[in-house]
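Engineer: Just dropping this structure here.
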Amino acid sequence: MAHTEWRDAPELPDFSLLKRLARDQLIFLLEQLPGKKDLFIDSDLMSPLDRIANVTILKQHEVDKLYKVELKPIVSSSDQLCFLIRPRIQTVKWISDLVNADKVAGRFRRYKIIFTPQKFYACETVLEEQGVYGDVTTDEWNFYILPLDDDILSLELPEFFRDNFLEGDQRWVTTAGSALHLLQSVYGSFSKVYGIGRCAKMVYESWRELMEEGEQRTRQPEFAKVFLVDRDVDFVTPLCSQVVYEGLVDDLFRIKCGSVEFGPDVTSSDKSIKVMLNSQDKVFSEIRNEHFSNVFGFLSQKAKNLQTAYDKRRGMDIQQMKAFVSDELKGLKQEHRLLSLHIGASESMMKKKTKQDFQELLKTEHSLLEGFEIRECITYIEEHINRQVSMIDSLRLLCLLSITENGLLSKDYRSLKAQYLQSYGIKHLLTFANLRQLGLLEEQQAGETLTVMESKVGKLVNDKTVGKLTDAFSSLAKKSNFRALSKRLALVPKSGEEYDLRVPRDMAYVFSGAYIPLSCKLIEQVLERDGWTGLEEVTRMLNGQEFAVTGGSSSSEARNKTDAQRIVLVMFLGGCTFSEISALRFLGKERGCRFIVVTTAITNSARLLEALLDNHA
């Protein structure tokens, strides 16, 4: 198998410490409202909270009843109400209405709002405007990071992507900076910081300010290098269909906060089962990074090994049977349960993904990435739209076509847009405006084809002139330059070569050997060069904003601990896919290092595009 643990792997830091810190702070905040209280929790905080402090822990600290925030009148009879919420104006207005309703009814209660991960001035202003500022106590729970696994940390802020990249709302930048500051204060200083993207630069500045304000602790670092990358540097990767096992599970069943709910079609019973997906699951940890075509072979082999282990019982005497039951049986039963679940999930995925439709879809995606048979691809996309196969998938293919072709020709853009709106409704007009704003779905303007022909122009005029022409046209709009980037970084392996998915030779295996994720290739190249030197052309095509800074810890201190030098923290601002995580794990194995992924949230093509939908007609 491609991804078993290698012997010389550096040991990862213990991130359970972050959970303990968050739990202790929450308990401290709850105890500041002594006596029995009812707790109202924002719906998107339910799952993260369960990973930090479950119901039992909350009950131990005098939480009587738990409610989900639903923005409607409450039924609580408690005299003390505590609200654990994200800093959203709509929620704060709802709380203000509850307080004012109690005042009118002549009812006295104590109210406490705990904002997480931080409180914003706008929320306090709302409390003031509604006349309840003096009736409510406010606090903040600095719950910045949730460890989802040994090497995945999440800020659990899916709204970061839309707020920052579409709305231009930079309020979460300080949250990301605070998350880095927390990691640094717990696990030691970083010796080198690399980054690319406007948001990455702002997060770095925010974090640097926090560093300068706070006290500097001299302790040995547990990881030496940090790489910050904006999601809009690479939109192609999240728009591709995922084919590694964990990515497919996320695409089909939606992994939420590190766990997934398998329905009756997977469990072979009439009820659903919630399963934690992490390295503690022995079966999952061995198949999570595998290309889906290898998974069934592994699972059937695992089933045979399990049967052999069960068969050992035959011919045992009483003493041996007793030892078998106490030492092995429980572990075998747990493994058997997980194995049957993953076999069920694989069968369910096979039914959905081995259909002719899916093979055609992958073929179209690969053609778009390689730049072949574009007319046939457009015909396929038109058919996909007109058959109304999937609203999100149709949009995904349109975006992939636009990015890889550096925008669509006017006649194609207008025709495809009209067909989409006829199929899925005129209400999606605003969605098209959003996609255009982000550079995901654009119409080529007159003269823009010049950048596509850049290589041909290069033969006619000298490099300096080409540089000036490129700079002039890149200022017109944010363009993807995908073809040129793909060629420069060798993102698409040569199509004539046979690619053995059982023995991957590079990160392209996460997309069936058709494409190496741009984000991961950039990380590989920068770490190889120890900076951006030699990648000037690439950064120009990515609209610049790259940086490399020597961090706070002395280089001699970082050199002393070789393990720290071999652990790299990668922060994705705007979301990260499981395919990228699998690709980085593969790269780490090849290079003898380990990657820790910190992301604002786990994303995929559906989540990314759903965040940009504006269909509230």
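The values are calculated or read from the model by the stated rules, or taken from the named source; none is laboratory data. This structure is a prediction, so every number in the text was calculated from the model and none was measured. Here the Cβ is made from the backbone with ideal geometry for all residues, glycine too, and neighbour counts use every protein chain on show. For the accessible areas, the whole protein counts, side chains as well, though only heavy atoms, and no ligand, DNA or RNA atoms are used. Shrake-Rupley method; radii C 1.70, N 1.55, O 1.52, S 1.80 Å.
Engineer: Can you give me the long-range amide H partners of Leu408? Hydrogens built in the peptide plane at 1.01 Å from N, cutoff under 5 Å, separation of 5 or more residues or another chain.
Structural biologist: Glu442, Glu443, Gln444
Engineer: Is any residue of region 236-271 close enough, with backbone N under 14 Å, to a label point placed 7 angstrom from the Cα of Leu306 along the Cα-Cβ axis, and if so, which?
Structural biologist: Hits in region 236-271 for Leu306 at 14 Å: 267-268.
Engineer: Tell me, what % of the accessible area of region 158-278 is carbon and sulfur with a 1.4 angstrom probe?
Structural biologist: 45
Engineer: Loop-only trypsin sites (Lys or Arg not before Pro) in region 349-430, please: DSSP not H, G, I, E or B, and at most 13 other Cβ atoms within 10 Å.
Structural biologist: Loop-located and lightly packed - Lys355, Arg387.
Engineer: Same structure, new question: Over region 15-143, what percent of the accessible surface lies on carbon and sulfur atoms, probe 1.4 Å?
Structural biologist: Summing carbon and sulfur atoms, their accessible area is 51 percent of the total for region 15-143.
Engineer: Right, next: Under 5 Å between amide hydrogens, which residues at least 5 positions from Leu228 or on another chain qualify, with H placed 1.01 Å from N in the peptide plane?
Structural biologist: Correct list: Tyr194, Gly195, Ile196, Met571.
Engineer: Each residue of region 425-434 in order: what ³J(HN,Hα) in whole Hz does its phi give by Karplus 6.51 cos²θ - 1.76 cosθ + 1.60, θ = phi - 60°, with x for Gly and Pro?
Structural biologist: x, 5, 4, 7, 4, 5, 4, 4, 5, 4
Engineer: Measure out, as a whole number of angstrom, how far apart the alpha-carbon centroids of region 96-167 and region 365-411 sit.
Structural biologist: 41
Engineer: I need the calculated FRET efficiency for the pair Arg529 and Asp357, taking r as the beta carbon distance and R₀ as 25 Å, to the nearest 0.05.
Structural biologist: The formula returns an efficiency of 0.05 here.
Engineer: Quick one: if the Förster radius is 51 Å, what FRET efficiency do Leu17 and Lys411 give, using the C-beta to C-beta distance and rounding to 0.05?
Structural biologist: Efficiency for this residue pair is about 0.30.
Engineer: Could you derive backbone 3J(HN,Hα) for region 36-53 from the dihedral phi with the Karplus parameters 6.51, -1.76 and 1.60 (θ = phi - 60°), listing whole Hz in sequence and x where the residue is Gly or Pro?
Structural biologist: Result, rounded to whole Hz: 5, 8, 9, 10, 9, 10, 4, 4, 7, 9, 4, 5, x, 5, 4, 6, 9, 9.
Engineer: Still on this structure: Round to the nearest 0.05 the FRET efficiency obtained for Val75 and Leu338 when R0 = 56 Å and r is the Cβ-Cβ distance.
Structural biologist: It comes to 0.90.
Engineer: Report the local net charge at Phe432: Lys and Arg +1, Asp and Glu -1, summed over other residues whose C-beta lies under 12 Å from its C-beta.
Structural biologist: Combined, the nearby Lys, Arg, Asp and Glu give +1.
Engineer: How about region 27-60: which trypsin sites (Lys or Arg not before Pro) there lie in a loop by DSSP and see at most 14 other Cβ atoms within 10 Å?
Structural biologist: Here the sparse-neighbourhood loop sites are Lys36.
Engineer: Follow-up. Treating only the Cβ of Lys, Arg, Asp and Glu as charged (+1, +1, -1, -1), what charge dipole size does region 15-143 show about its Cα centre? Round to the nearest 20 debye.
Structural biologist: Here the size comes out at about 320 debye.
Engineer: If amide H atoms are built 1.01 Å from N in the plane of the peptide, which residues on other chains or at least 5 residues away come under 5 Å of the amide H of Glu140?
Structural biologist: Phe115
Engineer: To continue, here is another question. Rolling a 1.4 angstrom probe over the protein heavy atoms, how many square angstrom per residue are accessible across region 17-97?
Structural biologist: Result: 47 Å² per residue.
Engineer: For the pair Leu66/Ala490, report the inter-label distance in nm, with labels modelled 7 Å from Cα in the Cβ direction.
Structural biologist: 5.2
Engineer: Now for a different question. Which GluC sites (Glu not before Pro) from region 107-177 combine a DSSP loop assignment with at most 13 other Cβ atoms within 10 Å?
Structural biologist: Sites meeting the loop and neighbour criteria: Glu167.
Engineer: Given just the C-alpha atoms of region 52-156, how large is their convex hull per residue in cubic angstrom?
Structural biologist: 112
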